[in-house]
Amino acid sequence: MEEQMLRGALKKLEDRGQLLKCNREVDPKFELGAVLKHFNNEQPILFNKIKNHSMPVIGAMFGNRDLYYEMLGATRKDRIFKMMNAIANPKPTKLLSKGPVMENIISRNIDLTKMFPVPTFHGGDSSSYITAGIVALKDPETGQRHISVRRLQINGGNEMSILVASPLAKEQFAFMEAQNKPLEVAIILGYDYHLLLASQISAATYGVDKYEVDSALRGEALALVKCQSIDLEVPAYAEIVLEGIMPPHKRVAEGPFGELMGYYGERAMHPIVQVKTVMHRHHPIFQTSFPCREEHLANGLIREIELYSILKNLVDVKDVNVTVSGGCRFHTFISIHKRFEGDGKTAIIGALASSKDVKHVVVVDEDVDIYRHDEIEWAIATRFQASKDMVVVEGALGSGLEPSHIQRGVTDKVGIDATKPLGEAGKGFTRAIIPEYEEIDIHKYFPELNG
Ligand SMILES: Cc1cc2nc3c(=O)[nH]c(=O)nc-3n(C[C@H](O)[C@H](O)[C@H](O)COP(=O)(O)O)c2cc1C
């Protein structure tokens, strides 16, 4: 068995020549984030020398779509079916009595900023933030395990503020709080592509054990160990686990924080996590995700499954792209094989109904590459007439992560049907192509060109 979690993923990245190593000292305050941003957060970078810390940091592992598929052992074509299959057929996990994450166990004098090189990303951020932490907890009523990424603001000592947006985790905390009891949580750092993707499935939609979805996705049982001080299980091969509690009736100001769409989320009162025990491997690697960009690709990949399955019932959908620049939620590009006039509009209805977050939809024919903005623009420029091909829905509910929605409390939705007409009318839309263009090997003509 290849080692699971971060070390396994790093080895794969290294073997493929896809891991960049930075051996120059970087400051976790702003400088580290600036280097990640330079590569558009698409280039995994291992920072070996961090100012005032001995622990290395890995960042931008999850920002590149094609790399993500590759690391899952999937392709653009089959990734949706692989993910659907894992959600529909979860597989058991494996509980070990010991695992590498237990190599060091610390229960005293926990000072998170001294122990870990936690980055600060933007000038207006309230503090340093753990941006990549997968928070594990158990539903106190059903015992169902739950994992999801939540940002954690470092408050000093062993305390962090936690931002929980989805209803399920909120309800679990509220349930315990009503009984004046804490909710136990474990924060997992140093994981891989499979676990992050599994964490992004909505528990409310699927009701599955996300650890078991991970097992199905990776094709082998996810190895877990028990926490030391709380009743939770965590990946045995993770780098770092912070065990703690969310105490009832405690709130601390969280934010501002430069988030999803590159704006600052405002300061508000949020629950806290008190860390009781830290487990980590020997020579642990701290994991971070650049906010505003990298962080939500995995979330968008899950949204694509949901969008695709809705559209499949309506039209002959070929592929869907919930775009990165649209925050992996606001914009969807859809390619269809048009069978009937009206398919384009039907796809728009389906896409807008798939999630309240979807704001703008563009539907194109299958000859348009939905991963290229120039191709989408070309289709809109040449196959779209606003008076008949545009759908506008005024004043619908949108996303609380989108500033123009926040300002009005409602959002306008727009669908653009940029498909060509069928039959005789469609003949004028045949693309001019060069036969065998795809096969041309440009190096034959210019041997001096690299790559
Ligand atoms: C890197 C990253 C950071 C995220 N940060 C947060 C966050 O701070 N708060 C939050 O509620 N969701 C955050 N999310 C989204 C949740 O993790 C995601 O919606 C959740 O796992 C869905 O599952 P659930 O509905 O079962 O909770 C983040 C996702 C990623 C990938």
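Test of understanding: among 311, 297, which residue is part of a helix (DSSP H, G or I) and either outside the structural domain of residue 386 (by TED's automatic domain parsing) or in contact with a Cys (Cβ under 8 Å, 6 or more places away or on another chain) (or both)?
Answer to the selection: 297.
Select from segment 27-70 the residues that are within 15 Å of the ligand (Cβ to nearest atom) and at positive phi and list them in ascending order.
If the condition is that a residue be within 15 Å of the ligand (Cβ to nearest atom) and at positive phi, then 41, 60 are the ones that fit.
Among the residues of segment 202-250, which ones are hydroxyl-bearing (Ser, Thr, Tyr) and more than 24 Å from residue 300 (Cα to Cα)?
Residues satisfying the conditions are 229, 237.
Look through segment 106-118, keep the residues that are of a type outside the set (A, V, I, L, M, F, W, C) and touching a strand residue (DSSP E or B) at 6+ places or on another chain (Cβ under 7 Å), and return whichever of them is nearest to residue 52 (Cα to Cα).
If we filter segment 106-118 for residues that are of a type outside the set (A, V, I, L, M, F, W, C), which is where we start, we get 107-109, 111, 113-114, 117.
Narrowing the set further to residues that are touching a strand residue (DSSP E or B) at 6+ places or on another chain (Cβ under 7 Å) leaves 107, 113, 117.
Values: 107: 23, 113: 10, 117: 8 Å.
Across segment 106-118, the extreme among qualifying residues is 117.
Could you grab me the full set of residues in segment 190-211 that are under 20 Å from residue 226 (Cβ atoms) and surrounded by fewer than 24 Cβ atoms within 10 Å (Cβ to Cβ)?
209
Which residue, of 77, 11, 82, is part of a helix (DSSP H, G or I) and either under 21 Å from residue 289 (Cα atoms) or modelled with pLDDT under 95 (or both)?
Criteria check complete, one pass: 11.
Show the residue pairs that are 6+ apart or on different chains and have beta-carbon atoms under 6 Å apart, the first residue being within segment 57-71 and in contact (Cβ under 8 Å) with a residue 24 or more places away in the chain, the second being within 11 Å of the ligand (Cβ to nearest atom) and of a type in the set (D, E, K, R).
As it stands, the answer is 60/294; 62/294; 63/294, since those pairs meet every condition given.
Name the residues in segment 261-299 that are farther than 18 Å from residue 129 by Cα and hydrophobic (A, V, I, L, M, F, W, C), would you?
279, 297, 298 - these are the residues of segment 261-299 that are farther than 18 Å from residue 129 by Cα and hydrophobic (A, V, I, L, M, F, W, C).
Of all residues in segment 133-149, which are near the ligand (Cβ under 9 Å from one of its atoms) and part of a loop (DSSP other than H, G, I, E, B)? Give the derivation first.
Let us first name the residues in segment 133-149 that are near the ligand (Cβ under 9 Å from one of its atoms), namely 133-135, 146-149.
Of everything in segment 133-149, just one residue is near the ligand (Cβ under 9 Å from one of its atoms) and part of a loop (DSSP other than H, G, I, E, B), namely 133.
So for segment 245-255 (the condition being part of a strand (DSSP E or B), under 30 Å from residue 35 (Cβ atoms) and touching a Lys or Arg at 6+ places or on another chain (Cβ under 6 Å)), does at least one residue qualify?
Checked segment 245-255: at least one residue is part of a strand (DSSP E or B), under 30 Å from residue 35 (Cβ atoms) and touching a Lys or Arg at 6+ places or on another chain (Cβ under 6 Å).
For segment 398-410, name all the residues that are more than 17 Å from residue 165 (Cβ to Cβ) and in contact with a strand residue (DSSP E or B) (Cβ under 6 Å, 6 or more places away or on another chain).
Matches in segment 398-410: 410 only.
Could you check segment 87-132 and list, in sequence order, the residues that are touching a residue at least 12 places away in the same chain (Cβ under 8 Å) and either outside the structural domain of residue 55 (by TED's automatic domain parsing) or assigned to a helix (DSSP H, G or I) (or both)?
Across segment 87-132, the qualifying residues are 87, 100, 101, 102, 103, 112, 113, 115.
May I ask you to list the residues in segment 247-292 that are hydroxyl-bearing (Ser, Thr, Tyr) and surrounded by 20 or more Cβ atoms within 10 Å (Cβ to Cβ)?
288, 289
Could you count how many residues in segment 314-338 are part of a loop (DSSP other than H, G, I, E, B) and touching a residue at least 60 places away in the same chain (Cβ under 8 Å)?
Narrowing segment 314-338 to residues part of a loop (DSSP other than H, G, I, E, B): 314-315, 323-330, 338.
Still in the list and also touching a residue at least 60 places away in the same chain (Cβ under 8 Å): 324, 327, 329-330, 338.
Of the residues in segment 314-338, 5 are part of a loop (DSSP other than H, G, I, E, B) and touching a residue at least 60 places away in the same chain (Cβ under 8 Å).
If you check 99, 124, 156, which single one turns out to be small (Gly, Ala, Ser) and either within 24 Å of residue 49 (Cα to Cα) or touching a Ser or Thr at 6+ places or on another chain (Cβ under 6 Å) (or both)?
The match here is 156.
Within segment 359-439, which strands (runs of 3 or more DSSP E) (wholly inside it) include 3 or more residues that are among the small types (Gly, Ala, Ser), within 24 Å of residue 64 (Cβ to Cβ) and at pLDDT 95 or above? Steps first, please.
Working: elements: 360-365, 390-396, 411-417.
Where strands (runs of 3 or more DSSP E) fall fully within segment 359-439, none carries at least 3 residues being among the small types (Gly, Ala, Ser), within 24 Å of residue 64 (Cβ to Cβ) and at pLDDT 95 or above.
Residue by residue through segment 21-65, note down the ones that are assigned to a helix (DSSP H, G or I) and surrounded by 15 or more Cβ atoms within 10 Å (Cβ to Cβ).
Matches in segment 21-65: 31, 32, 33, 35, 36, 37, 65.
The values are calculated or read from the model by the stated rules, or taken from the named source; none is laboratory data. The structure displayed is predicted, hence computed values, not measured ones. So basically every Cβ, Gly included, is an ideal-geometry build from the backbone, and we count neighbours across all protein chains shown.
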